[in-house]
1. Quick one: B:Ile56 ticks every box in (1) at pLDDT below 95; (2) out of contact with any Gly (no Cβ under 8 Å at 6 or more places or on another chain) except a single one, so which number is it?
2. Among B:Met72, B:Met128, B:Met92, which is the only one that is within 14 Å of another protein chain (Cβ to nearest Cβ), surrounded by 12 or more Cβ atoms within 10 Å (Cβ to Cβ) and not basic (Lys, Arg)?
3. Against the definition (under 17 Å from A:Ser102 (Cα atoms) and in contact with a His (Cβ under 7 Å, 6 or more places away or on another chain)), how does B:Gly222 come out, yes or no?
4. With the requirement that a residue be more than 13 Å from B:Thr219 (Cα to Cα) and either touching a residue at least 24 places away in the same chain (Cβ under 8 Å) or not in a helix (DSSP H, G or I) (or both), what does the range A:1-15 give you?
5. List pairs: first in the range A:85-111 and within 13 Å of A:His196 (Cβ to Cβ), second surrounded by 14 or more Cβ atoms within 10 Å (Cβ to Cβ) and among the charged types (D, E, K, R), Cβ under 7 Å, 6+ apart or cross-chain?
6. Name every residue in the range A:191-230 that is polar (S, T, N, Q) and either under 19 Å from B:Val232 (Cβ atoms) or touching a Phe, Trp or Tyr at 6+ places or on another chain (Cβ under 8 Å) (or both), in order of residue number.
Amino acid sequence: MWLTDSSIGRKFVMSISGLFLVLFLLFHASMNLTLIFSEDAYNWICEMLGANWYALIGTGVLALGVLVHFAFAIVLTYQNRKARGNDRYAVETRQEGVDWASKNMLALGIIVLGFLVLHLANFWFKMQFQELTGLKTGAFDPQNGAAYVKYLFTGLYDPAGIQEGYEFSPMANWLHPVYCILYLVWLCALWFHLSHGVWSALQTMGMSNTLWLNRIKVISIVVATIIVGMFAAVIVYYLGMFVGANCF
Amino acid sequence: MDKNINIKVRVWRQAGPKAKGYFETYELKNIFQGASFLEMMDILNEQLIAEHKDPIAFDHDCREGICGMCSMYVNGHPHGPDSAITTCQLHMRKFNDGETITVEPWRSHAFPVIKDLMVDRGAYDKIMQAGGFISVNTGGVPDANAIPIPKAKADEAMDAASCIGCGACAAACKNGSAMLFVAAKVSQLALLPQGKVEAAKRAKAMVAKMDELGFGNCTNTGACAAECPKSVSLTNIARLNREFLAAKFQD
């Protein structure tokens with residue numbers, strides 16, 4: 001199978017899975033953005049994307065996408081290190097015009113994946129998983145996602161929103177801004193990963209020439225900034241709310 | 001103004017392909033900055049021979065930047081710190097008095113060291129043999145203007161054809177990938193009508209040979225194009241990807 005046996009085939013799989021994840025991120029970021037405008041709208045999305053069959057299929061495909069992207073990244077990096085040989089250069093320099101991100105894609109990817117585990121524990125486990133199994137893994141009703149997000153990042157909550165039968169003990173107040181900062185660090189790594197990843201994917205699929213090479217590089221930065229900007233706006237909004245509630 | 005400088009040269013010495021390599025530092029006095037880098041290496045070798053030591057083995061041939069034979073990794077750059085030139089075109093005026101210059105061979109799994117700074121770049125020849133050619137019928141010489149070729153295409157093909165196969169791309173690449181070389185060789189033919197006949201077969205055969213020889217997978221860092229002595233563009237890699245993917249989807 002040429003998709004696994006040839007170098008360009010493997011890179012093609014990386015590109016397709018990567019661009020698929022970029023589309024998902026755009027989708028996810030736009031949904032998050034509703035939190036700033038209307039909590040009801042966010043809760044409507046939570047309801048729509050709960051444990052419905054289409055949401056579950058979507059989650060499965062998404063997980064597969066992440067898995068493929070990660071597995072191929074590991075294989076490619078292993079092969080590339082082998083191709084480099086055992087002897088390393090004594091003097092290593094960075095060439096002009098070569099992005100830092102482009103040489104550290106695996107490291108950035110691992111950072112992104114590491115935070116993803118935290119993110120899944122924070123949200124997926126307490127929302128879709130809760131709805132799926134009926135176990136009360138979180139203090140809030142999964143269909144009232146907005147209240148949970150607000151609680152996680154600011155510590156503010158309405159006691160009436162706590163689920164019946166759940167023993168709720170609020171976490172230390174300083175943890176809320178720490179979560180905000182952690183998510184912002186995560187987004188930084190994501191920005192660098194995307195700033196190279198998007199154009200590299202397009203180049204691997206052959207969509208580049210002397211005119212378009214610079215254009216796809218700009219597109220890459222724009223896409224990375226839009227995605228990270230939308231996610232970060234929500235975090236900054238809640239960080240502001242935390243500061244407003246605790247410092248004044 | 002060019003003047004005479006005193007330098008130290010830290011050179012990779014390796015007796016043979018299996019031997020363990022090490023760095024050795026040599027002192028050179030009164031090197032004229034107008035001298036080329038290879039002339040400096042010649043002076044160093046004469047000094048070594050006078051001391052009854054083994055001279056440093058390094059590749060060189062035309063010494064005018066067209067053969068692609070010279071191959072040193074100088075101060076962290078293939079073909080030295082200057083841009084768009086080969087090592088033989090590098091001059092000592094790029095270095096300062098008292099400087100220590102580190103000289104290493106290309107380091108890549110597919111380019112094993114033969115001796116000192118000399119590496120075996122036969123892998124590139126094997127890739128060429130796999131598909132870097134066109135088939136033509138022998139007979140009378142056809143008229144040069146019989147096949148019209150747009151100027152832009154001809155220019156692009158010529159730019160790709162400027163690749164001298166020196167191996168700097170694979171040497172500079174953190175992935176040890178030969179994509180820029182293969183892309184240049186595929187592009188120069190794919191752009192012209194004469195190369196269209198075998199285009200699909202060529203892309204597949206050359207990529208397969210490149211993978212088989214143990215070169216890495218391209219991640220588009222762009223280090224190859226930045227270090228290429230002939231400034232071969234990264235866009236050729238996109239063309240190779242296009243050619244290869246099109247050929248595979250056709251199958």
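The values are calculated or read from the model by the stated rules, or taken from the named source; none is laboratory data. Here the structure is a predicted model, which means the values were calculated and not measured. Quick reminder, even Gly has a Cβ in these numbers, built from the backbone with ideal geometry, and neighbours come from all protein chains shown.
1. Of the numbered conditions (1) at pLDDT below 95; (2) out of contact with any Gly (no Cβ under 8 Å at 6 or more places or on another chain), the odd one out for B:Ile56 is (1).
2. Criteria check complete, one pass: B:Met72.
3. No: the conditions fail for B:Gly222.
4. Passing the criteria: A:Met1, A:Ser6.
5. A:Lys103/B:Lys174
6. A:Ser200, A:Gln203, A:Thr204, A:Ser208, A:Asn209, A:Thr210, A:Asn214, A:Ser220, A:Thr225, listed by residue number.
This table checks each residue for (1) within 14 Å of chain B (Cβ to nearest Cβ); (2) within 20 Å of the chain's Cα centre (by Cα); (3) modelled with pLDDT under 95.
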residue	(1), (2), (3)
A:Phe129	no, yes, yes
A:Ala146	no, yes, yes
A:Gly155	no, no, yes
A:Ala160	no, no, yes
A:Cys180	no, yes, no
A:Leu184	no, yes, no
A:Cys188	no, yes, no
A:Trp199	yes, yes, no
A:Arg215	yes, no, no
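Table: residues versus (1) modelled with pLDDT under 95; (2) within 14 Å of another protein chain (Cβ to nearest Cβ); (3) assigned to a helix (DSSP H, G or I); (4) touching a Cys at 6+ places or on another chain (Cβ under 9 Å).
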position	(1), (2), (3), (4)
A:Val223	no, no, yes, no
A:Val228	no, no, yes, yes
A:Phe231	no, no, yes, no
A:Gly244	yes, no, yes, no
